[in-house]
């Protein structure tokens with residue numbers, strides 16, 4: 001027998017969305033005490049704490065609260081459709097974390113295209129390296145992530161979106177232009193000074209895996225700098241500080257402008273996968289499901 005009901009879910013989702021018991025009560029035409037009772041009853045039925053309460057603390061959801069919110073919102077949306085099939089689905093904020101290359105060079109066009117079809121949606125976008133995005137999802141600060149490494153297949157669902165070619169990026173000097181004209185590969189340029197990303201970067205993990213497969217220990221490279229800012233790396237490479245393995249997406253404009261050159265790592269080229277990820281214990285809302293379907297279909301074109 002179900003111990004939860006729609007009134008409890010309505011009270012909880014309204015409180016989560018407005019960040020206030022008072023506002024939720026006003027919107028649902030209930031008293032504040034009734035809202036509180038509904039939420040306390042829901043917490044008792046689920047045997048979890050959903051909301052952090054405190055007179056001096058801004059109302060926030062617990063990790064379980066963020067998980068339950070997504071499922072509750074989806075249930076209410078589906079019930080609305082049952083009651084009125086012609087009614088528009090209520091769309092909530094889409095919270096997405098993205099590692100550097102996807103955040104800057106892949107997602108902007110996809111987000112714009114999705115909003116053109118779903119104009120009442122809005123995005124909350126957080127950027128970090130692949131490890132940071134996984135941490136944001138684990139902590140419930142974002143519900144989905146676009147990452148360059150599948151770090152925890154036990155806890156997360158991953159859907160492959162596209163391949164991202166990694167290339168050795170150099171300054172656009174005459175020496176490197178000559179090497180490129182000669183058909184030299186990045187794997188043949190190990191004597192160069194290297195600039196690398198931070199250890200938690202998906203790009204760095206993929207590059208180090210590649211070097212190891214080639215029988216090259218990453219620590220054998222002549223590393224001159226480690227940076228966590230791809231823009232700083234691009235500028236440093238352009239100024240001749242060293243070379244760097246980077247996402248082709250992230251340097252495409254600089255290459256077109258003649259500021260940088262790129263070399264395939266070997267004759268076949270080397271790519272890492274870009275994934276869309278979310279926690280396995282999270283139920284995606286209808287809008288999130290629509291977003292997943294949209295970006296997968298767009299990237300297949």
In Å, the Kirkwood hydrodynamic radius of the stretch 163-271 over pairs of distinct alpha carbons? 13.7 Å
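Can you sort 280, 259 by how many other beta carbons sit within 10 Å, fewest first? Intermediate values should be presented prior to the final figure.
Working: 280 11, 259 16.
Going from sparsest to densest Cβ surroundings: 280, 259.
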Degrees separating the helix 286-299 axis from the principal Cα axis of the chain, which is the longest one: 20 degrees
Using only Cα atoms, tell me the angle between helix 32-46 and the longest principal axis of the chain; keep it within 0 to 90° and round to the nearest 10. 70 degrees
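Between residue 175 and residue 116, what length in nm is gained on full extension when 0.36 nm per residue of separation is reduced by their alpha carbon distance?
Working: separation 59, 0.36 × 59 = 21.24 nm, distance 4.63 nm.
Taking residue 175 through residue 116 to full extension adds about 16.6 nm, to one decimal.
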The alpha-carbon center of the stretch 268-301 and that of the stretch 179-227 are separated, in whole Å, by 28 Å
Could you list the square roots of 5 times each eigenvalue of the Cα gyration tensor of the chain, that is, the equivalent ellipsoid semi-axes, sorted largest first and rounded to whole Å? 47, 19, 16
Ratio of the stretch 117-182's C-alpha Rg to 2.2 N^0.38 Å, to two decimals? 1.70
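Could you order peptides 132-140, 233-241, 292-300 by the average number of other Cβ atoms within 10 Å of their residues, highest first? Write out the running numbers ahead of the final one.
Details: 132-140: 20.3, 233-241: 18.1, 292-300: 13.7.
The packing order, highest mean first, is 132-140, 233-241, 292-300.
In terms of the ratio Rg/(2.2 N^0.38 Å) built on C-alpha atoms, what value belongs to the stretch 6-83?
Details: Rg = 11.9 Å, N = 78, 2.2 N^0.38 = 11.5 Å.
In units of the globular-protein estimate, the stretch 6-83 measures up at 1.03.
Note the full-extension length gain between residue 60 and residue 212 as 0.36 nm times their separation in residues minus their Cα-Cα distance, in nm to one decimal.
Taking 0.36 nm per residue and subtracting the Cα distance, the gain is 50.2 nm.
Please work out how much length the chain gains when fully extended from residue 184 to residue 29, using 0.36 nm per residue of separation minus the C-alpha to C-alpha distance, in nm with one decimal. Each step should come with its number before you reach the end.
Working: separation 155, 0.36 × 155 = 55.80 nm, distance 7.12 nm.
Here the answer is 48.7 nm.
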What ranking of 226, 185 emerges when the number of other C-beta atoms within 10 Å of each C-beta is taken as an exposure proxy, fewest first? 226, 185
Over the stretch 241-301, one equal point on each Cα, no solvent: what is log10 I(q)/I(0) by the Debye formula at q = 0.24, 0.25 Å⁻¹? -1.07, -1.11
Exposure proxy ranking, count of Cβ atoms within 10 Å, fewest first, for 155, 250, 244: 155, 250, 244
Taking 8 Å as the Cα distance limit and 6 or more residues as the minimum spacing, I'd like the relative contact order of the stretch 6-83 as a percentage. 30 percent
Can you give the FRET efficiency to the nearest 0.05 for residue 228 and residue 37, using r as the Cβ-Cβ distance and R₀ = 45 Å? 0.40
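List the relative contact order of the chain as a percent without decimals, with contacts defined as Cα pairs under 8 Å and 6+ residues apart.
On the way: 464 pairs, mean separation 65.9, N = 301.
This gives 22 percent for the chain.
Sum -39500 (n - 2.57) across every DSSP H segment of at least 4 residues in the chain, then divide by the residue count to get the 222 nm mean residue ellipticity, nearest 500. Mind showing how you got there, number by number?
Details: 11 runs with 129 residues, N = 301.
Helix-only estimate at 222 nm: -13000 deg cm²/dmol.
I'd like to compare 160-170, 42-52, 74-84, 212-222: which one has the highest average count of other Cβ atoms within 10 Å, and what's the full order after that? Mind dumping the intermediate values first?
On the way: 160-170: 20.3, 42-52: 15.5, 74-84: 13.9, 212-222: 11.3.
Top of the packing list down: 160-170, 42-52, 74-84, 212-222.
Rule-based calculations on the coordinates, nothing more; no lab input. Only a predicted model underlies this, so the values are computations on that prediction, with no experimental measurement involved. Cβ: placed from backbone, ideal geometry, glycine included. Neighbour counts: every protein chain shown.
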